[in-house]
Amino acid sequence: MIGPPVHSIITSLPPVAPIVATESIRRMKPLRQRAGPKISYRDVFCFLGGIIITVALQGISLISSKLDELVNVQTGASSFKNESFDDRRQIFEPEPVVSHSLSPSLVVQEIFPESLQPAYAPEKLLFNVTRNMLQRSRPVIGNTQRLHFYINKLHSKQCTIVLILGGSVTDGHNAGGPKNAYPKHFIDWLNEKYPCVADDGSPGHHELKKTHAQNSQSNFILWSTVEGFQRIDLAIIESNINDNFIGSIQHALEDKGKLADYSGVWYNEVLLRRLLLMKKPDPLAIVTFNADYVGRTWATFDNWYNPHEARKLLFRSNGEPMKNWISSLYEVPVFSATVWMIPLASKLGMKWQFNNTHNPYSTNRWHSDACCHPPPKGHLILSMVLAYCIAEEEKNMMSKPYVNFAKGEGINDINIDEHDFTLEGNLRDPVYLSPEEDELYVRNLGQDAFQIDFTDPSGETTWKNSVVENTSWKWYPDNADADKYGMIANTTEGGAHIALLLNGRGHGLIEISHVISYENFGIALAWVDNEKTNLHKSLSCNNTQDNYERDAELEKLTGYWEE
């Protein structure tokens, strides 16, 4: 064979087992610590079995439909069992929720232009959002120099691009879609408060960009979408919810024990480091936004969630404390609705947290389903949080006198922002990444890489020529909006098989990742070898990593080879 060696990435599975896979191949130096066996590109292959795969979509929704059958989420009715709490402690009986004023509050009048104020009147919201609530929306101030650069662009009437890395909440799931979601409301606020001028001198507008990824892991895998944007001025990372559903990762901190609680932080650190080094064409303003929480994890009645097991979870599956920790280490500002929303929901006692008749801050009022998707009125509150935090930082920036360093004026540490050294590409040592992982996934990202992404609704042309064998697989959207794609096999007889052709070189890396939606749907097998027609899993070698147990969570197949 002339030219580089050829490899096929082959996935095979038993009946009714769909799969979504993203494959990438990169040149790299051999890593010192890398999970998975080494393989020769000539005649050896690596096999990963026992992955529990679900409907092959990008959506990260691990919620059983049984939850909606057990609990009437819309009305707040529940079969609360008095096992963990004594009713005698519930002395306070709150009054029923009553309507609020149609007049916008003073804080709304300060933040929003007059044309938008009626939409944010207390009566239009789930509850009256006070100034004190909004003041708690900035748990991490961070270094604000990048944010000040962005605000200066707004003041100079530049039209800006806002990138939001989020998930189903960002898309307005169960709220009527993107037209009712907080990103649209936030962009509407920018356009009303900071009108801009296009490059040709005509009236312009600020624009919203999103990816089809859902959490920090899928954004990690599908980073080429972000790389493809020619311009980004403000990046908002909203992955607090969906990162709760990320499984363990094999190749990070192998000696640190169970990783399920920390994998989201690992991926989040990668995203922060990538964004801090990115210029589109200027350095980006970066904000972490904690918009919601997994409500069912905080329930105390057994037909929703076991309260005894919930106490054993790290932060009860609320990823915000860990996100705040990693953001603070990188001095990235954090905007948060969750930090004050969870205490409000449960301040009357856990018995009342899901009662939306008497508790105005009830989780059942905030969530339109069993997990974490706010109704349209909730999205207005989320946009209020974003607008308030930007406006407060603008107020802080404008309160400082102008400093002309060239003339030596105003040199006073109190009045000068601390310089953000990341603007010159200087990053602190990674916290959760090994030096080798930082080199591969951040520093040398995308060099000599090829990626296949089945979850991209418009990505078929990029991978269709790489499919060299296909039996019973279809590329198909499996949702009503036709925006969540995957490579799906729907056969009851088994034998579904697909082979993808990749060209490998010396010192290469192949990663196969599955982005899943529903649990326990089927079992998928994947391996790497040089035969596109290999249908027999018995020809593959088992993963030999010590002390590694497979489970129903997302797993990754990693194979690499030497010269």
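Checked against (1) under 24 Å from I161 (Cβ atoms); (2) at pLDDT below 80; (3) touching a strand residue (DSSP E or B) at 6+ places or on another chain (Cβ under 9 Å), Q250 passes all but a single condition, namely (1). The residue that is farthest from Y330 (Cα to Cα), among those in the range 108-139 that are assigned by TED's automatic domain parsing to the domain that holds V332, surrounded by fewer than 20 Cβ atoms within 10 Å (Cβ to Cβ) and at pLDDT 95 or above, is Q135. Does H155 satisfy the condition of being surrounded by 19 or more Cβ atoms within 10 Å (Cβ to Cβ) and either of a type outside the set (K, R) or free of Cβ contacts under 8 Å to residues at least 40 places away in the same chain (or both)? Answer is no for this residue. Exactly one residue out of N191, N219, N242, N180 is out of contact with any strand residue (DSSP E or B) (no Cβ under 7 Å at 6 or more places or on another chain), modelled with pLDDT under 90 and not β-branched (V, I, T): that is N242. Residues that are of a type in the set (F, W, Y) and not in a loop (DSSP other than H, G, I, E, B) were ranked within the range 332-383; the one that is farthest from S168 (Cα to Cα) is W352. Scanning the range 419-439 for residues that are closer than 15 Å to L271 by Cβ and either in a helix (DSSP H, G or I) or among the acidic types (D, E) (or both) turns up T422, E437, D438.
Answer yes if at least one residue in the range 256-272 is at pLDDT 95 or above and over 11 Å from the mean Cα position of the chain (by Cα), and no otherwise. Within the range 256-272 (the criterion being at pLDDT 95 or above and over 11 Å from the mean Cα position of the chain (by Cα)), the answer is yes, since at least one residue qualifies.
So that you can scan it fast, the table gives a plain yes or no per residue for (1) touching a Cys at 6+ places or on another chain (Cβ under 9 Å); (2) part of a loop (DSSP other than H, G, I, E, B); (3) closer than 14 Å to L386 by Cα; (4) in the same structural domain as Y150 (by TED's automatic domain parsing):
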site: I164; (1), (2), (3), (4): no, no, yes, yes
site: G167; (1), (2), (3), (4): no, yes, no, yes
site: G172; (1), (2), (3), (4): no, yes, no, yes
site: G176; (1), (2), (3), (4): no, yes, no, yes
site: K184; (1), (2), (3), (4): no, no, yes, yes
site: L190; (1), (2), (3), (4): yes, no, yes, yes
site: G201; (1), (2), (3), (4): no, yes, no, yes
site: H212; (1), (2), (3), (4): no, yes, no, yes
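Flag set for N219, criterion: assigned to a helix (DSSP H, G or I) and buried (at least 22 other Cβ atoms within 10 Å of the Cβ). Looking across the range 116-128, the residues that are part of a loop (DSSP other than H, G, I, E, B) and either acidic (D, E) or touching a helix residue (DSSP H, G or I) at 6+ places or on another chain (Cβ under 6 Å) (or both) come down to L116, L125, L126, N128.
The values are calculated or read from the model by the stated rules, or taken from the named source; none is laboratory data. The shown structure was predicted, so the numbers you read here are calculated from the model rather than taken from an experiment. All Cβ positions, even for glycine, are placed from backbone atoms using ideal geometry, and neighbour counts span all protein chains on display.
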